[in-house]
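Worksheet: the structure to be examined is printed underneath.
The values are calculated or read from the model by the stated rules, or taken from the named source; none is laboratory data. As the structure is a computational prediction, the values presented were derived from the model and not from experiment. Cβ coordinates were reconstructed from backbone atoms using ideal geometry, including for glycine residues, and neighbour counts include every protein chain displayed. SASA here: full protein model, heavy atoms, side chains in, ligands and nucleic acids out. Shrake-Rupley method; radii C 1.70, N 1.55, O 1.52, S 1.80 Å.
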Amino acid sequence: MPIDGIWDCYTTWNPSGGVMKSYRKELWFEVPTRRALLNITPKVEACLRESGIKEGLVLVNAMHITASVFINDDESGLHHDFEVWLEKLAPHEPVKQYRHNVGEDNADAHLKRQVMGREVLVAVTEGKLDFGPWEQIFYGEFDGRRKKRVLVKIIGE
Amino acid sequence: MPIDGIWDCYTTWNPSGGVMKSYRKELWFEVPTRRALLNITPKVEACLRESGIKEGLVLVNAMHITASVFINDDESGLHHDFEVWLEKLAPHEPVKQYRHNVGEDNADAHLKRQVMGREVLVAVTEGKLDFGPWEQIFYGEFDGRRKKRVLVKIIGE
Amino acid sequence: MPIDGIWDCYTTWNPSGGVMKSYRKELWFEVPTRRALLNITPKVEACLRESGIKEGLVLVNAMHITASVFINDDESGLHHDFEVWLEKLAPHEPVKQYRHNVGEDNADAHLKRQVMGREVLVAVTEGKLDFGPWEQIFYGEFDGRRKKRVLVKIIGE
């Protein structure tokens, strides 16, 4: 084993290069509950196929500041654990603990979104999302019951 | 409503492509207090205009490890809530609770920056930051009273 | 001092542009403990040199959902503070507090990874990682004792 337990392998690259292409799509959601986690990986894969881009980067970001896009495991027990944990870190109640909650009650959603993140950036290699074995992209809704959007922007060649 | 409450729409793309351009600028700050949140969206928009890039990606990152760049709401009540919440998650006092604080007192700033994040990546579409209705870019200072920098790097065509 | 304490300087850009190149490498790890932080900056720098890319973006992401890639300080006291802090925010024990822990005991690792993040995106300028004075890239392992991977994807010209 080399120093630090680090191996290198599976290098691929395209040193000759090509022209840069771009692609954009909005995904719209209307979640019927205040909070929910939705696996949007198939939607992002469909965007990538439509774009025709083979090497590059896919940005997937929430366009709203009370929602997240993140990568983790598609396992219902874990999703329950996230719900309990986020409520402990940034509780919804009492709503009056937050100064933001004047005529609103979603301050906790703004905080939860910081823990879970706004965006993910995924490599595109040979026309596919370059993922490890369990990586799945989720839309994390923390203030639902209205229409909200996710942006998919792909840059590459 | 389709399965999962997901709609698709507003696809745009440039399959013919173009040459890839790059642009870089540093933004410097000297915040007079230990902690502050500054809306830097107009500065990033000015960089984008100067670059002339129409389709691509803007990376905005703190160049210091006790500061953040993040996207959330420009609302003073919420900013107060962030301050209270971050102090609860990673309190500044007592400074001696942190091993990092030998000759320094900013360990909490390193932790707060992890919650709020180092960087944001924003899509550029038709020469504009491709934002939802309330997205604004903030510089989050957690150990101020000295000069610090944010990097703006734009890649596109 | 201008409004908001913001200075601008050090603009560089390449408006003539060039063809877009891509590069990909996996870094493999086998950490002998459950948790560890490894500085992988020299490995990422070696990838960048090998790619020959001068202007662009480097994505470095964990390919596993119980590990992180993040940027912070290479200081052992701070690393101890991260360990204590993450155990407070998302404790490993008791393992039965998490529904995910059926035949597994790594739910806490999935939560810790959200706090520390999946990925970093670093600007490449004049063939170098465009870093502030103390920025270093870390692999954060939260469920080790098996082989896991980090992806390095570089896009640029």
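Hey, could you check the range C:71-114 for residues that are free of Cβ contacts under 8 Å to residues at least 40 places away in the same chain and closer than 21 Å to C:Arg149 by Cα and say which is farthest from the other protein chains (Cβ to nearest Cβ)?
C:Asp105
Of everything in the range A:74-113, what is open to solvent by less than 50 Å² (accessible area, probe 1.4 Å), farther than 23 Å from B:Phe131 by Cα and polar (S, T, N, Q)? Give them in sequence order.
A:Asn101
Looking only at residues in the range B:132-157 that are crowded, with 19+ Cβ neighbours inside 10 Å and farther than 30 Å from C:Trp85 by Cα, which one is modelled with the lowest pLDDT?
Looking at the filtered set, the residue picked out is B:Glu157.
Regarding the range B:51-73, can at least one residue be identified that is assigned to a helix (DSSP H, G or I) and buried (at least 23 other Cβ atoms within 10 Å of the Cβ)?
Within the range B:51-73, the first condition is being assigned to a helix (DSSP H, G or I), and the residues that meet it are B:51.
Next, only the ones that are buried (at least 23 other Cβ atoms within 10 Å of the Cβ) stay: B:51.
Checked the range B:51-73: at least one residue is assigned to a helix (DSSP H, G or I) and buried (at least 23 other Cβ atoms within 10 Å of the Cβ).
Do we find that A:Val120 is assigned to a strand (DSSP E or B), within 11 Å of chain C (Cβ to nearest Cβ), modelled with pLDDT of 95 or more and open to solvent by less than 30 Å² (accessible area, probe 1.4 Å) in this structure?
yes
Checking A:Arg34 against (1) in a loop (DSSP other than H, G, I, E, B); (2) more than 11 Å from chain B (Cβ to nearest Cβ); (3) at pLDDT below 95, only one condition comes out false. Which one?
(3)
With the condition kept exactly as written, say whether any residue in the range B:124-136 is assigned to a loop (DSSP other than H, G, I, E, B), more than 8 Å from chain A (Cβ to nearest Cβ) and among the basic types (Lys, Arg). Don't jump to the end; show me each part of the working.
Applying the first criterion (assigned to a loop (DSSP other than H, G, I, E, B)) to the range B:124-136 yields B:126-127, B:130-135.
Applying the additional criterion that residues be more than 8 Å from chain A (Cβ to nearest Cβ) yields B:126-127.
Then drop every residue that is not among the basic types (Lys, Arg), which leaves none.
The answer is no, given that none of the residues of the range B:124-136 is assigned to a loop (DSSP other than H, G, I, E, B), more than 8 Å from chain A (Cβ to nearest Cβ) and among the basic types (Lys, Arg).
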